[in-house]
Amino acid sequence: MKHLLLAGALALFSTPALAALEICNNTALSLSLAIGYASEDEWVSQGWWNIAAGECKTTVSGDLKSRYYYYHAMASGTPFASGDFTFCTTNDAFSIDGDENCAARGYEATGFRKLDTGETATHFTLTLNDNRDSEKDARAKPTSSSSSAPGTYGDPYSDNVILQGCSNDGERQCNFHAGGTNFFVFDDGRTPQLAFTVMEALDPGTPLFIDGDLEAIYDRTADMVLRDVTVRPWTEYDALLNKLQGQWYSEDDPNSQFTVLGAERENTYEGSFSGVDYLWMSDRCDRFEGEGPYLYVREEESGESYCYQLSYVDQRQLELMYLPSGNILRYRKLD
């Protein structure tokens with residue numbers, strides 16, 4: 001995807017501006033950035049700023065008039081930072097009024113991430129890092145120390161995962177999901193304490209990058225010892241999974257309901273529990289690929305897996321196509 005540099009006041013600052021929204025690229029990648037914000041009574045989206053590795057660009061000049069801004073970053077045509085706040089974009093340079101009916105107006109609907117600049121800030125600098133974003137002058141801190149060499153407790157393993165949560169019912173533990181497998185980490189002295197502290201402060205559904213040793217693999221679960229855990233940039237699939245969070249009911253049979261929390265779906269019928277599924281969003285599911293996004297579902301009890309094409313989802317409606325039969329399943333979110 002080719003992104004052109006937005007014309008205008010896009011000066012590179014070697015020192016912080018007195019009043020502006022400044023975006024700095026602290027990665028090894030060249031990034032293309034778009035922003036969205038409220039301008040008087042209208043939402044506005046603008047892009048693209050091309051920000052080379054190690055550079056900064058001013059995206060809003062003058063005193064900041066809003067507390068919240070929104071941004072989307074691309075690296076070589078792939079989303080680097082995205083979220084579930086939708087603005088309109090195009091491949092070329094753009095400045096678009098309004099954030100609704102993007103496709104009908106010839107634009108793309110793109111997920112943006114929310115940025116809180118504070119109640120009184122007139123200047124704000126956002127630094128895009130390889131593993132996370134940070135405010136100006138924030139110090140990058142490792143979430144844990146490498147307490148053991150790779151392979152000490154099992155096969156070395158690292159992956160992008162979705163945090164499910166932590167508990168401390170007699171035994172402190174955290175778990176996360178990847179590809180239909182539920183991973184558990186136990187506080188037995190081998191995983192650094194800071195890793196647990198970090199995960200306990202995060203919400204279910206937070207995208208993480210984990211690194212450690214795969215100690216044991218079971219039918220649908222696995223045990224890990226972690227060396228490191230970091231919050232990673234959201235992908236478009238993370239944003240779609242985030243839209244699934246909450247309680248839904250079937251339009252065909254309102255007695256059939258489910259609740260999504262993190263990467264797990266709890267199913268009920270007429271109020272009675274009927275099972276838990278593990279969820280994963282991807283560009284493929286088993287033999288299906290190319291017409292996604294796809295929702296991969298794996299039953300916790302039986303281990304059976306199913307594939308759905310996610311046809312549509314917003315804050316109120318969800319439409320899935322069951323594969324391979326092509327049956328359309330429609331749901332609505334409960335208040």
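Name the residue, out of D99, D84, D63, that is surrounded by 11 or more Cβ atoms within 10 Å (Cβ to Cβ), more than 19 Å from the chain's Cα centre (by Cα), under 21 Å from D314 (Cβ atoms) and touching a residue at least 40 places away in the same chain (Cβ under 8 Å).
D99
Which condition number does D283 fail, the rest of (1) open to solvent by 40 Å² or more (accessible area, probe 1.4 Å); (2) without any contact (Cβ under 8 Å) to a residue 40 or more places away in the chain; (3) among the charged types (D, E, K, R); (4) assigned to a strand (DSSP E or B) being met?
Unmet condition: (2).
Give the residue, chosen from A34, A75, A19, A52, that is open to solvent by less than 10 Å² (accessible area, probe 1.4 Å) and either hydrophobic (A, V, I, L, M, F, W, C) or modelled with pLDDT of 95 or more (or both).
Result: A34 is the single residue among A34, A75, A19, A52 that is open to solvent by less than 10 Å² (accessible area, probe 1.4 Å) and either hydrophobic (A, V, I, L, M, F, W, C) or modelled with pLDDT of 95 or more (or both).
Within the stretch 247-258, is there a residue that is under 30 Å from I328 (Cα atoms), of a type in the set (G, A, S) and open to solvent by 30 Å² or more (accessible area, probe 1.4 Å)?
Yes, the stretch 247-258 contains a residue that is under 30 Å from I328 (Cα atoms), of a type in the set (G, A, S) and open to solvent by 30 Å² or more (accessible area, probe 1.4 Å).
Spot the failing condition for N267; the list is (1) assigned to a strand (DSSP E or B); (2) in contact (Cβ under 8 Å) with a residue 24 or more places away in the chain, and only one is missed.
Result: N267 passes all but (2).
Given the conditions (1) hydroxyl-bearing (S, T, Y); (2) assigned to a strand (DSSP E or B); (3) modelled with pLDDT under 95, which single one is not true for S302?
That leaves (2) as the condition not met.
Can you pull out the residues in the stretch 141-157 that are open to solvent by less than 80 Å² (accessible area, probe 1.4 Å), at pLDDT 55 or above and part of a loop (DSSP other than H, G, I, E, B)?
Within the stretch 141-157, S147, S148, A149, G151, T152, Y153, G154 meet the criteria.
Would you please name the residue that is modelled with the lowest pLDDT, looking only at residues in the stretch 235-264 that are part of a loop (DSSP other than H, G, I, E, B) and over 22 Å from F184 (Cα atoms)?
Of the stretch 235-264, the ones part of a loop (DSSP other than H, G, I, E, B) are 235, 244-245, 251-255, 262-263.
In the following step, the residues that additionally are over 22 Å from F184 (Cα atoms) were identified as 235, 244, 251-255.
Details: T235: 92, L244: 96, E251: 96, D252: 96, D253: 97, P254: 96, N255: 97.
Among them, the one singled out is T235.
Confirm whether A104 is in contact with a Ser or Thr (Cβ under 6 Å, 6 or more places away or on another chain), surrounded by fewer than 14 Cβ atoms within 10 Å (Cβ to Cβ), modelled with pLDDT of 85 or more and of a type in the set (A, V, I, L, M).
No; evaluated as a whole, the condition is false for this residue.
The values are calculated or read from the model by the stated rules, or taken from the named source; none is laboratory data. Bear in mind the structure is a predicted one, so any value in this text is a computation, not a measurement. Here the Cβ is made from the backbone with ideal geometry for all residues, glycine too, and neighbour counts use every protein chain on show. Surface accessibility is based on the protein's heavy atoms, side chains included, excluding ligands, DNA and RNA. Shrake-Rupley method; radii C 1.70, N 1.55, O 1.52, S 1.80 Å.
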